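Presented below is the structure to which this report refers.
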Amino acid sequence: MANGFNMPPKIQEDHFNKIKDVFASKSPEEIPHQLMSLLEVFDHFKIDIAVTGESGSGKSSLLNEILGLNPDDRRAADTGAVETTMEATMYLHPNLPHIRLWDLPGMGTPSFASKSYVKTMNFDIYDMFIVVISERVRENNMLLVDEIERRKKPFYFIRTKIDNDVRSKKSKYSKMRALDQMRKDCEKYLKEKKLDPHVFLVSAHDTENYEFRKLMDTFKDEVSQLRAEVFSDFLDKMLHGGWLKAKYATNHIQQTGKLETEDITALQNMYKHTGIGAAKVRDVLEALSHFQLDVAVLGETGSGASTLVKALIGLENEECGEASVSISNPAMSLGYPDVRFWDISGIEAFMDYPMYMKQALNGYDFYIVIVSDWQKAQHLKLAKTVEELRKHYLLVQTKVDCHLQTQSNLWCDETEVLDGFRLQFMQELQMAKLPEQQIFLINSLDRSAFDFVGLESALSSDLNIVRTSAFAYYISRTLKER
Ligand SMILES: Nc1nc2c(ncn2[C@@H]2O[C@H](COP(=O)(O)OP(=O)(O)OP(=O)(O)O)[C@@H](O)[C@H]2O)c(=O)[nH]1
Ligand SMILES: [Mg+2]
């Protein structure tokens, strides 16, 4: 089993050395505390991203898809054929807890005239923009781009409702050609302004096709980097920018609720007492953003660990993934930036050596424990081991479709059988004195079935939460070891 000793480095040597320099004057005992206090403040830091564009271009519909919400969901943004969004409304992404997404009203209606739109919408408060266009690039779209560029803020340029645009194209070739033309049309106007943002062609009504997935992968990958940059820029202004700049920056951060007053004071004190200013914080956050999180998928032989790993990284049913996923080779995917998934099947071979197990498992940051055999209950022992390591895990029952088949002689419907599985499992946890938690019932060969989507979103969200503490723990441990 791969362990903390022979696992590839979680952080590049140059990043590690920079962190060493940041804390060079500190005794090793002080470092974990200082690193944790800094990362705790950073953990509270929010960034604001506005979805903007002309009225009716499909902003709210696209935002709902980004949030993973069905338009009928009561939490979803309202959408409609008439002017719908009348005030800027904030939404939290379920898996990206530090990102506030704002659905802005549309530009160019009698209520929100183009001329005054940018001022009315207070563009200065946002850190990034998602400019949504449909049908064609219009003057108003480029006006928005100019205003964003003037503020030196990043943006994505998204053409939506692509399903409408290609509906009349019958052959694959004519569809491809139409898509190519649409992309070139967008890029032409951006290039004239010497701009090169990401351009995505998407449909909120058909997210499986076109570039919605690419948009989400890119967004997830880039947004944490952006957050680190916005945070360090703020520190730069507050700590090193002179009185006026510092006052302006601090007011901005407080008024937009990106940080609480206590957090700002903590940063000022940190600088006063340790000399850790913007440049050093930038080094720490840079290392954090490249820190590899290791997730172990633990299961008995044949429990479906490999199939689950492949499903998670989006390689289900694909032969080409076969060779790349193994016990000594982690799997990676754009959907989970900087996460390595380790397929650790055959766990029963190690179960009789608890000390070795514990040591070997300690190298990972997060665990997915597969429940495969109700009788042997190895998963409970595994969960206990992970609990003892004070780490987090998710419990997953794979092959639920097969389990359902074996129950098909019972006269109850599928939901009742699934609820029965869940209940039985809760009782098992209680008896084993393990904390209550949800079990995800899945079929790794069909991501749309049972709890797979729920599992993906719980995993993304948990990994985002454990990232900073895993990083702090790893850095402190490695600094001590060297
Ligand atoms: N075919 C198709 N229709 C879409 C798509 N996205 C949105 N629509 C439709 O376009 C209309 C406007 O969508 P909204 O999402 O409300 O647009 P909006 O930009 O938020 O509108 P305002 O808030 O009024 O500015 C609705 O009827 C949607 O169903 C898409 O990708 N494809
Ligand atoms: Mg809207």
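Read-outs: derived from the displayed coordinates by stated rules, not from any lab. Please read these numbers as outputs of a predicted model, since none were measured by experiment. Heads up, the Cβs are rebuilt from the backbone with ideal geometry, glycines too, and the neighbour counts pull from every protein chain shown.
Of the residues LEU267, LEU35, ALA88, the one whose Cα sits farthest toward the positive end of the charge dipole of the chain, with +1 on the Cβ of Lys and Arg and -1 on the Cβ of Asp and Glu, is LEU267.
Note on region 348-387 and region 437-464: Cα centroid distance 20 Å, given to the nearest whole angstrom. All C-alpha pair distances within the chain, sorted into 20 Å bins from zero, spread as 21, 49, 29, 2 percent across the bins. With K and R counted +1 and D and E -1, the other residues having a Cβ less than 15 Å from that of PRO105 yield a net charge of -2. Farthest toward the positive end of the dipole of the chain, out of TYR473, ILE49, SER408, is the Cα of ILE49, where the dipole comes from beta carbon charges about the Cα centre. For LYS381, a cut-off of 17 angstrom between C-alpha atoms picks up these aspartates and glutamates, skipping any fewer than 8 places away in its own chain: GLU300, GLU348, ASP352, ASP373, GLU428, GLU436.
Sorting 94-103, 306-315 by their mean Cβ neighbour count within 10 Å, with the most densely packed peptide first, gives 306-315, 94-103. Ranked by the mean number of other Cβ atoms within 10 Å of their residues, highest first, the peptides 18-30, 265-277, 207-219 come out as 207-219, 265-277, 18-30.
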